[in-house]
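Here is the structure we will look at.
The values are calculated or read from the model by the stated rules, or taken from the named source; none is laboratory data. No experiment lies behind these values; they were computed from the predicted model shown. When we count neighbours, we look across all protein chains shown, and the Cβ atoms used for this are built from the backbone with ideal geometry, even at glycine. Remember, those area values only see protein heavy atoms, side chains included, never the ligands or the DNA or RNA. Shrake-Rupley method; radii C 1.70, N 1.55, O 1.52, S 1.80 Å.
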There are 2 protein chains.
Amino acid sequence: MLTAEIHVTLKDLVLDPQGTTLKRSMETMGYQNIEEVRMGKFIQVRFDSDDRKEVEKKVDEMCRQILSNPVIEQYSYSLTEGE
Amino acid sequence: MLTAEIHVTLKDLVLDPQGTTLKRSMETMGYQNIEEVRMGKFIQVRFDSDDRKEVEKKVDEMCRQILSNPVIEQYSYSLTEGE
């Protein structure tokens, strides 16, 4: 059993309106010293397989094909054993 | 400068329709051996402060008040130095 933990985030140069809105809410609620807020996705995919190499290849393909928009987003992932 | 990396995920017992849809898409595209897909949020908050204790307290409050719905979601975070 392998689990992929995938982070999909906007590229640094891409504006993040959701993050900006969140930052403004935080400031309205009295939080100070916030420089920037960025919103991203966190996806966990659990595989019924122990073949690290094969799973890694699949995850990389999935990230490119369905989980991220390569024009504006970047992704990273790590594989962990177990549930 | 401290950055908080926050993960907000659905509690284990809560159904995740977005994850289920993603799993189905992956299967339609020919990916096998997928047991489960869970979708969550990944939020990065950059603080203009080096006071770990104070920032930690703020992040914990934010998670409870704005970033997660404690009824169905759980959160975790880590603080890293620098950008």
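Compared with the dominant principal axis of the Cα atoms in chain A, helix A:17-28 is inclined by about 50°. Using a probe radius of 1.4 angstrom, the carbon and sulfur fraction of the accessible surface of chain A is 49%. Along its three principal directions, the equivalent ellipsoid of the protein assembly as shown from the Cα gyration tensor extends over semi-axes of 30, 17, 15 Å, largest first. Once you divide the Cα radius of gyration of segment A:2-81 by 2.2 N^0.38 Å, the number left is 1.38.
To the nearest ten degrees, helix B:52-62 and the longest principal axis of the Cα atoms of chain B are 50 degrees apart. Full extension of the chain segment joining A:GLU54 with A:VAL14 gains 11.2 nm, where the gain is 0.36 nm per residue of separation less the Cα-Cα distance.
In chain B, the beta-carbon sitting nearest the axis that superposes B on A belongs to the residue given here with its distance in angstrom, B:PHE42, 2. Lysine pair count for segment B:2-81 (Cα-Cα distance under 19 Å; residues 8 or more apart in sequence or on different chains): 4.
Comparing the full protein assembly with the isolated chain (1.4 Å probe, heavy atoms, ligands and nucleic acids excluded), the residues of segment B:33-75 losing at least 50 square angstrom of accessible area are B:ASN33, B:GLU35, B:GLU36, B:ARG38, B:PHE42, B:GLN44, B:ARG46, B:ASP48, B:LYS58, B:MET62, B:ILE66. Buried area at the A:B interface is about 3100 square angstrom, summed over both chains, from accessible surfaces computed with a 1.4 angstrom probe.
If you take the Cα centroid of segment A:10-83 and the Cα centroid of segment B:1-74, the two points sit 9 Å apart.
The figure for A:ASP48 is an accessible area of roughly 90 square angstrom, using a 1.4 Å probe on the protein chains alone.
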